[in-house]
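Structure first, then comments.
Nothing in this text is a laboratory measurement; each read-out follows from the coordinates by a stated rule. In this text the structure is predicted, and so the values were computed from the model without any measurement. So basically every Cβ, Gly included, is an ideal-geometry build from the backbone, and we count neighbours across all protein chains shown.
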Amino acid sequence: MAIQVSGITKRFNDFTALDSVDLEVRSGELLALLGPSGSGKTTLLRIMAGLESPDAGGLLLNGEEALGLKPRDRQVGFVFQHYALFRHMTVFDNVAFGLKVRPRGQRPSSAEIRRRVTELLDLVQLSPFAGRYPAQLSGGQRQRVALARALAIEPKVLLLDEPFGALDAKVRKELRRWLRKLHEDIHVTSVFVTHDQEEALELADRVVVMNQGRIEQIGSPAEVYDHPASAFVYEFLGQVNRLDCTVEGGIAHIGDGALAIATDGGVQGRAVAYVRPHDLGVTPAVGGPARISGIHVVGPDARIDIDLAGLALEAEMDRERLATLGIVAGDRCAVHIDRARVFAR
Amino acid sequence: MVAAGSDAVPAGRESAVTVRASLPLFRKPSVLPGFGLTLGFTVSYLSIIVLVPLAALIVKSSGLGWSGFWTAVTTPRVLAAFQVSFGLSFAAALTNAIFGLLVTWVLVRYDFPGKRLVDALVDLPFALPTAVAGIALSALYAPNGWLGKPLNELFGMKVAFTPLGIAIALTFIGLPFVVRTVQPILQDLPPEEEEAAASLGASRLQIFGGIILPAILPALVTGFALSFARGIGEYGSVIFIAGNMPGLTEILPLLIVIKLEQYDYAGAAAVGTAMLAVSFVMLLILNLLQQWMRSRHAR
Amino acid sequence: MPADTITSTSTNIAVPPVRSVLSEPGWVRFLLIAGALLFLALFLLLPLVAVFAEALRHGFDAYWAALTEPDAVAAIELTLIVAVISVPANLLFGVAASWCVAKFDFRGKNLLITLIDLPFSVSPVISGLIYVLLFGLNGLFGAYLRDMGIQIIFAVPGLVLATIFVTFPFVARELIPLMQEQGSDEEEAALVLGASGWQTFWRVTIPNIKWGLLYGVLLCNARAMGEFGAVSVVSGHIRGETNTMPLHVEILYNEYNFVAAFAVASLLAMLALVTLVVKTALEWRFGEELAATRH
């Protein structure tokens with residue numbers, strides 16, 4: 001285990017940012033802390049780095065007790081959300097900083113520092129910019145400088161706080177792929193914080209979904225998306241239809257009995273069924289119970305608004321399928337649910 | 001349903017321990033070092049240089065007792081000085097509010113040659129030692145001075161050694177307060193509102209009165225208040241041009257100096273305390289007024 | 001009409017002056033500008049010109065003689081001494097105060113900021129008076145100091161104290177907003193990268209605030225050298241001993257030695273002008289730097 005978090009609790013006056021959180025980060029993996037703002041993910045990251053101290057709990061870094069250690073002694077690389085580049089230093093000096101401030105005995109020679117910084121700048125493809133100041137760089141370039149600076153001290157773990165948060169959509173996508181590849185090359189244990197589910201699902205080996213200071217679910221991207229452990233995860237990851245229902249004898253009745261689904265048991269009485277739009281099937285049916293109230297084509301996909309006895313539903317399918325069905329707005333249709341999860345209210 | 005045995009955390013789990021929210025901390029923890037050192041130094045230095053000496057003022061004047069204090073600050077000469085200081089500071093601050101606004105407007109809205117130089121010149125009263133301003137104004141407005149002579153010969157106006165001279169010195173001293181307070185606000189005023197008003201058919205004057213003035217009024221009042229407060233305490237630039245006749249052109253700070261020269265420490269302390277108290281009350285009122293205006297103009 | 005003329009005319013119509021809807025007719029603008037400039041010329045420029053004109057009224061030799069006369073030289077020296085002590089003292093204080101106020105959250109912070117600004121709202125005369133009340137002969141510690149043989153009032157220590165008081169907030173009030181705006185991210189980054197507290201302070205914090213620091217020191221110094229009211233109260237006006245330049249100006253003026261008074265005053269006016277020039281230069285440079293941090 002590279003990082004072991006046990007029972008970490010952190011409060012800011014009345015606000016509980018982290019409520020007895022347990023987490024293990026495996027060596028070499030790329031882990032995402034995913035959650036809405038205020039879920040405690042950044043606080044957890046900052047505690048790992050030693051920038052905050054928890055009110056209770058324990059933290060092991062590579063098997064060593066780390067809570068008593070100052071940030072400078074933890075050997076972690078931290079990439080700040082807004083990069084926190086030293087604005088008065090060139091790109092080169094930014095990256096060299098961590099080596100230059102080492103105590104005399106441990107400090108590499110200036111030739112060695114130069115060699116290593118050059119190597120890192122090559123790695124992040126910024127060698128031509130070594131003499132520039134942060135203000136003269138684009139957002140994506142700054143981000144890469146921040147990464148190189150964090151890697152310069154050869155950290156045992158790399159922590160990234162919303163690494164792509166301040167970038168525009170296109171750069172964000174490019175940089176995401178680039179970071180994934182970089183991680184495959186250097187394989188340093190990495191934890192990154194994000195509120196963007198797409199980013200977490202695409203980039204991470206495992207995703208930790210957080211909400212209100214607690215961990216809702218931990219798993220591979222496929223696991224958390226396909227098998228959400230809670231209503232929160234269902235709603236937070238991807239689009240979802242949220243349908244009030246009543247469960248009797250293992251059957252959930254939705255919208256005055258217009259739809260029924262089998263549940264996996266355990267839930268009784270008033271409940272909520274979660275159905276992903278692509279798990280909602282539509283078939284044209286003259287005199288069917290539902291009506292197509294609108295069709296929106298977005299790129300290769302189509303979003304279909306359905307009115308089922310006053311209940312607004314959303315289905316999703318590709319355009320080919322839509323053409324095959326031959327439905328248009330105003331048509332009557334039948335709907336069926338391929339897959340759903342029911343949670344008690 | 002959910003995967004990965006030990007990793008899975010059941011949702012909605014009750015936390016085992018409920019801890020009462022801890023008391024608000026004296027300080028939010030931080031990894032940055034040096035809090036104790038710098039706060040300790042700051043508070044000690046502040047106490048030695050500012051707080052203890054100011055306390056001495058209160059202690060000294062309280063030595064008179066309430067009735068003694070009241071007698072000391074209500075003699076006709078002191079009351080007259082209050083009138084001179086506050087009245088003329090008010091007049092000067094008002095002048096500055098009007099002309100300061102004009103200067104700010106011109107600096108922000110218009111382009112003309114030498115604008116940057118003029119902008120820098122506005123800070124002159126901040127940078128020029130008050131005594132230098134004092135003798136310069138005094139020389140200018142003296143009966144045989146560059147301005148004093150024509151004013152006297154053409155209009156029969158006497159400026160130096162009259163209340164008017166004091167008001168001019170206080171206007172000089174207070175001008176940058178108004179300009180520097182209003183300038184950033186006027187600069188950051190979004191043009192959209194004015195454009196909207198113009199598209200609705202408002203005239204330039206209506207736009208100024210209805211859109212611009214309300215937006216900069218809180219800043220203007222702040223500038224006025226700062227200029228006013230500075231005027232009450234001002235000494236160096238005034239005493240040369242004032243003539244310093246008790247009851248007519250004697251300002252409060254000068255009265256304090258005179259009492260000190262007569263070794264009337266308690267009397268000086270009493271006048272100083274009263275002056276501070278009245279200034280603070282007035283600043284408080286103006287602050288409240290300003291807050292009220294700001295809340296009315298809040299978006 | 002040739003085609004290209006039409007094109008250029010239509011271009012002129014297409015790109016009107018930026019604020020055409022939002023500006024006043026030309027004659028109004030002219031009147032307002034003229035009014036503002038006249039006011040500034042009358043109230044600000046003329047006094048400044050008068051200082052130099054009066055100083056050179058009897059030629060450069062008289063001017064130079066007034067400046068090199070022993071009492072004037074002593075006043076210049078004393079002014080420098082007072083500034084050399086009080087400016088670094090307030091510099092140190094300003095850096096310490098802004099560090100604890102801008103980098104930490106604690107109770108009573110707003111009160112502390114208000115108290116730091118307090119000397120600005122106190123009359124200079126009162127600033128001097130309070131030290132007389134403490135250390136003067138009839139003051140709270142007067143008898144004790146006399147027994148110890150220490151003189152503060154009517155001596156250099158009093159001048160220094162009064163000057164420190166009136167220039168107290170200058171550095172701090174420049175640095176506090178600057179450091180608050182910059183936040184602590186860079187310092188945290190330095191600590192994570194292995195820097196010690198001092199390394200972080202010298203290599204990251206100081207370079208980031210150096211222009212603000214210089215700006216504050218500049219204003220602090222201008223006021224320290226030019227202060228009149230506060231030092232006037234504690235000085236005792238002993239020629240050649242406790243007279244700073246502004247006090248010397250007063251004495252000469254009251255003796256009707258106008259040329260000498262304005263000669264010394266012209267030095268102070270030049271100091272003010274240099275201060276303004278450097279300040280304006282810093283604002284241009286420093287303004288850009290601040291803007292560069294706001295991404």
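Observations, loosely collected:
- GNM flexibility winner over chain C from C:Leu44, C:Leu252, C:Leu80 (Cα, springs under 10 Å): C:Leu44
- For region A:40-71 versus region A:99-144, the inter-centroid distance based on Cα atoms is 27 Å.
- 0 to 90° range, to nearest 10: angle between helix C:258-293 axis and chain C longest Cα axis: 50
- Calculated [222 nm] ellipticity per residue, helices only, for the protein assembly as shown: -17500 deg cm²/dmol; basis is -39500 (n - 2.57) per DSSP H run with n ≥ 4, divided by all residues, nearest 500.
- By the count of other C-beta atoms within 10 Å, a proxy for reagent exposure, A:Phe15, B:Phe90, C:Phe141, C:Phe135 are ordered fewest to most as A:Phe15, C:Phe141, B:Phe90, C:Phe135.
- Sorted peptide list for B:39-49, A:166-176, A:70-80, criterion being average Cβ within 10 angstrom, highest first: A:70-80, B:39-49, A:166-176
- Among the listed pairs B:Lys158/C:Lys279; B:Lys149/B:Lys259; A:Lys100/C:Lys103; A:Lys170/C:Lys103, a Cα-Cα separation exceeding 28 Å is found for B:Lys158/C:Lys279; B:Lys149/B:Lys259; A:Lys170/C:Lys103.
- Net charge dipole size for chain A [Lys, Arg +1 and Asp, Glu -1 on Cβ; Debye, nearest 20]: 1700
- Seen against the Cα atoms of chain A and their longest principal axis, helix A:139-152 is set at about 50 degrees.
- Taking other Cβ atoms within 10 Å as a rough exposure proxy, C:Thr114, A:Thr263 sort from fewest to most as C:Thr114, A:Thr263.
- Note on the protein assembly as shown: antiparallel DSSP beta bridges, both residues inside, total approximately 80 percent of the bridges counted.
- Averaging Cα coordinates gives a centre for region B:118-187 and one for region A:256-321; these two points are 79 Å apart.
- Angle between chain C longest axis and helix C:124-135 axis [Cα atoms, degrees, rounded to 10]: 30
- Ranked packing of C:26-34, A:276-284, B:233-241, most packed first, by mean Cβ within 10 Å: B:233-241, A:276-284, C:26-34
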